[in-house]
Amino acid sequence: MSFRNVNIIFSVLTLLFIPLILFMGWSLWLILLPLPFYIFFLAFGAARIHSSFFIKAHCRGGLAEKKIAITFDDGPHAEFSARILDLLKENNIPATFFMIGKNITGNEFILKRAAAEGHILANHSYSHSFFIDLKSKTAWMDELKQTSALISSITGKQVRWFRPPYGVTTPHLAAAAKELDYDIIGWDVRSLDTTADDAGKILERVTSQVKPGSIILFHDTSAKSLEVLKQTLNFTAKNGFKIVSAEEILQMPAYRKAN
Ligand SMILES: [Zn+2]
C-alpha cells in the first residue's frame, strides 16, 4: 500500500459520494467520512519505515545465509563511538554509522577512524530536530547536503545512504531524497537501546527478532548500547551468525563513484 495507491482509492471513494449527495439528498458532511481513515493511513505509512509508503526503504537483505549487519544512529559521540569502534576492532566486525551532521564538528577523529577501519559512514540528517518532519523539500535537501558535505570533507567519501530520523518518512523527505539520489536505509530489528532501561531486555528484543539478512539498529550514544553490543556479539558468535557489512546484506553501494 503506497501513498499513491491510497490517494487513488480515497479520491475514488470521495467521488462516489458526490452523486449520493447531489441526487439522493445525502448530507454534505458525508464527504468527510473517509477523512479519518485517510489520516490514519498517512500516519501509519509515515511512522513505519518498512511500509515504504512514501519512498522505498531498504530494511533487510534477501540472504538465506546466517549473515546480518549492525548499524548505529545518532553519533558521532566522542566517548561512545570511540568505545564502540574499539570493540568492533577487537572482534574484526564491520558496521555502518548513520551520523547526525551537527554532532560532527569536534568529533572529526571519529569519522576518520571509522572510515580508516572499514566502516560505512552514512547520513542521518543535519539537525535531527524533533520537528524535522515538518520541513519542506528544500529544507530536507539542505539537511542532506550539509551532513554529506561534512562527511565528504573529512573522509573524501560521497555518501548515498540516508536513514530518516525516528524512521519517519514524509512526502517532502521522499522528494528531497529522490532529487538528490539517496537510498533510504531502514532496519528490521529495532533494539530500542535508547528507550528501554534494562540491557537484558534490549538483548532479548534483538536475539528474538534477528534472522538471516537482518539489519540491527543500535545507537552509539550510551554505555548501555555498548553493553548490549558486547552481548549481541557473544550471541551471534554462539549462534553461528556472521556480521558482515550492510553493503553485503543489501547488495547496494553505500557511496557514489568518485568523479
Ligand atoms: Zn536518530
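Every number in this text was worked out from the coordinates using simple rules, so none of it is lab data. Just so you know, these numbers come straight off a predicted model, no measurement behind them. Please note: Cβ atoms are built from the backbone with ideal geometry, for glycine as well, and neighbour counts cover all protein chains shown.
Roughly how many whole Å is it from the C-alpha centroid of the range 124-172 to that of the range 81-117? The distance from the Cα centre of the range 124-172 to that of the range 81-117 comes to 18 Å.
The charge dipole of the range 1-89, taken about the Cα centre with unit charges on the Cβ atoms of Lys, Arg (+1) and Asp, Glu (-1), comes to about 300 debye, rounded to the nearest 20.
The charge dipole of the range 29-170, taken about its Cα centre with unit charges on the Cβ of Lys, Arg, Asp and Glu (plus for the first two, minus for the last two), comes to roughly 360 debye.
Here the label points at Ala139 and Lys66, each 7 Å from Cα along the C-beta direction, are separated by 4.7 nm in the simple model.
The label-point distance for Ser208 and Glu227, in a model that sets each label 7 Å from Cα toward Cβ, rounds to 2.0 nm. Once each part is reduced to its C-alpha centroid, what is the distance from the range 204-259 to the range 42-73 in angstrom? The two parts, judged by their Cα centres, are 13 Å apart. Amide hydrogen proximity for Ile185: with H placed 1.01 Å from N in the peptide plane, the residues at 5 or more positions away or on another chain lying under 5 Å are His58, Phe162, Arg163.
Amide H contacts of Lys242 (H built 1.01 Å from N, in plane; Pro and chain starts excluded): Lys67, Ile68 sit under 5 Å, all sequence-distant by 5 or more or on other chains. Taking amide H atoms as placed 1.01 Å from N in the peptide plane, the amide H of Phe218 lies under 5 Å from those of Thr71, Phe72, Asp73, each 5 or more residues away in sequence or on another chain. Placing R0 at 25 angstrom, the Cβ-Cβ distance between Ser11 and Ala149 gives a FRET efficiency of 0.05 after rounding to 0.05. In order along the range 36-51, phi translates into HN-Hα couplings of x, 5, 4, 4, 4, 4, 5, 5, 4, x, 5, 7, 10, 4, 5, 6 Hz, rounded to whole numbers, per the Karplus curve 6.51 cos²θ - 1.76 cosθ + 1.60 with θ = phi - 60° and x for Gly and Pro. Loop-located trypsin sites (Lys or Arg not before Pro) in the range 61-161 (DSSP state not H, G, I, E or B) with no more than 16 neighbouring Cβ atoms inside 10 Å: Lys66. Do any trypsin sites (Lys or Arg not before Pro) in the range 171-259 lie in a DSSP loop with no more than 16 other beta carbon atoms within 10 Å, and if so, which? Qualifying residues, ordered by number: Arg256, Lys257. Helix 3-23 and the longest principal axis of the Cα set of the chain meet at an angle near 10°.
Say a site is exposed when it is one of the chymotrypsin sites (Phe, Trp or Tyr not before Pro), sits in a DSSP loop, and has at most 16 other Cβ atoms within 10 Å; what is then the longest site-free stretch of the chain?
Answer from the scan: 132-259.
Between Phe40 and Gln251, the modelled labels are 3.7 nm apart [label points 7 Å from Cα along Cα→Cβ].
The value of relative contact order for the range 53-154, using C-alpha pairs under 8 Å at least six residues apart, is 26 percent.
At 0.36 nm per residue, and after removing the present C-alpha to C-alpha distance, how many nm does the segment from Gln158 to Glu79 gain when stretched out fully? Show your work: numbers first, answer last.
Values: separation 79, 0.36 × 79 = 28.44 nm, distance 2.55 nm.
Roughly 25.9 nm would be gained on extension.
Hey, what angle do you get for helix 223-238 against the long axis of the chain, alpha-carbon based, 0 to 90 degrees rounded to 10? Helix 223-238 sits roughly 80 degrees off the main axis of the chain. When you restrict to C-alpha pairs under 8 Å that are six or more residues apart and normalise by the size of the chain, the relative contact order lands at 27 percent.
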